[in-house]
Amino acid sequence: MEIIKVQDSDLQGAMDVVRQKYGADALILEIRKKRKFLLGPTYYELLVGLDKDRSQDVPTVEQIRTLERVIKKLDSTVNALAAKEDRLDSLTRQTGFSKEFLVKAGVTTDEEWVPKLREYLGSKLSFARLEELGFPSFPKVFVFVGPTGVGKTTTIAKLSGYLLLEKNVKSGIVTIDTFRAGAVEQIKLFGKAMNVPVEVVRRPHQMNRVLPRFLDAYYVFVDTVGRNPKELGKLSEMRMFVDQLAYYEPVFCLSASMRKDEMIRAYEHFSKVFALKYFVLTKVDEAESLGTALEFMAETGLTTLAFTNGQSVPDDLVFPNKEQVMDLMGLLR
């Protein structure tokens with residue numbers, strides 16, 4: 001007997017193909033319902049046996065009834081899966097999280113999705129304050145990196161202002177962003193307004209010379225050039241500057257309004273050059289939902305230091321914790 005496979009998105013269509021192409025000699029051995037990928041469309045696969053030596057067979061009444069029961073059961077399964085997908089679609093619109101992420105979190109169509117999502121996020125998200133981070137050297141140097149336009153300069157200004165006004169802790173700012181028009185003037189204006197010293201570095205060998213100038217600074221924030229993540233050569237040039245430092249921690253910055261695929265691509269490219277551990281989410285006020293950003297944070301495991309949520313310096317700066325994020329997403333009920 002020869003075994004062949006017949007596939008079709010519709011069970012009746014697959015059976016029609018068997019009848020038309022192989023006639024009465026075809027014997028349906030098995031009916032399988034499959035899915036092309038996790039949440040993709042379903043299709044049917046029939047295993048058909050062909051015995052060219054046997055005469056025309058007519059299915060028995062019992063065979064027909066068995067097939068009808070199988071079809072009914074498969075239709076019920078398909079309807080249940082469709083209902084589950086509809087529910088996941090609804091939860092995606094409600095929460096801002098993708099269906100794939102909800103499935104990873106174990107969220108189903110029952111009413112217990114809130115604690116499941118809360119528990120999953122709680123196990124994946126990580127937050128810390130600048131003051132909590134240990135450093136082997138002094139001052140503590142943080143290098144802010146990220147794509148063009150995500151708000152690295154404004155974030156540095158906000159952090160410097162917060163430390164001075166709220167913690168009475170002095171900091172200094174170093175900028176190597178001498179390429180963008182007005183970048184040096186912008187950071188100098190921020191520094192002057194908050195009485196924070198600013199140094200401009202134009203060559204890599206100058207990096208070590210500027211740190212001793214911050215005599216009483218507890219923190220030094222380095223503002224870098226915004227780069228297209230795909231330009232690894234440009235990122236490596238930036239690395240040449242900061243590698244002159246004895247020790248530093250890079251802080252990765254992304255805008256909350258970016259798509260998840262853009263966030264992931266930027267992270268993958270920057271992590272080829274920098275050992276990324278810390279993260280700042282900027283422009284939270286411009287995002288329709290935080291779901292995408294929280295997915296990124298959960299999947300990369302970066303420790304989040306702060307959110308920025310406006311243009312006001314230094315006010316629009318938030319240091320979130322897990323409970324605050326859960327509350328913001330409506331997951332504490």
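The values are calculated or read from the model by the stated rules, or taken from the named source; none is laboratory data. As the structure is a computational prediction, the values presented were derived from the model and not from experiment. Just so you know, the surface numbers come from the protein's heavy atoms only, side chains and all, with ligands and any DNA or RNA stripped out. Shrake-Rupley method; radii C 1.70, N 1.55, O 1.52, S 1.80 Å.
Descriptive notes on the structure:
- To put it simply, the accessible area of segment 185-282 at a 1.4 Å probe is 50 percent carbon and sulfur.
- Convex hull per residue volume in Å³, alpha carbons only, for segment 99-211: 179 Å³
- Think of a 1.4 Å ball rolled over the protein heavy atoms: the chain then has 52 Å² of accessible area per residue.
- Cα-Cα over 27 Å, subset of LYS140/LYS283; LYS158/LYS277; LYS167/LYS322; LYS140/LYS192; LYS36/LYS277; LYS283/LYS322: LYS36/LYS277
- Most mobile listed residue (ALA266, ALA275, ALA256) in the chain, GNM with C-alpha springs under 10 Å: ALA275
- Average Cα contact separation per residue, the chain, under 8 Å, 6 or more apart, as relative contact order %: 17 percent
- The chain: antiparallel DSSP beta bridges as a percent of all, rounded to 5: 40 percent
- Calculated on the alpha-carbon coordinates, the convex hull of segment 235-324 measures out at 117 cubic angstrom per residue.
- Cα-based shape type of segment 123-279, given that a ≥ b ≥ c are square roots of the gyration tensor eigenvalues and the cut on a/c is 1.5: rounded
- Cα-based radius of gyration for segment 272-333, normalised by 2.2 N^0.38 Å, reads 1.18.
- Taking amide H positions as modeled 1.01 Å from N, with prolines and chain starts lacking one, the residues under 5 Å from GLU199 and 5 or more places away or on another chain are ILE173, VAL174, THR175.
- Alpha-carbon Debye profile of the chain, log10 I(q)/I(0) at 0.06, 0.07, 0.08 Å⁻¹: -0.37, -0.46, -0.55
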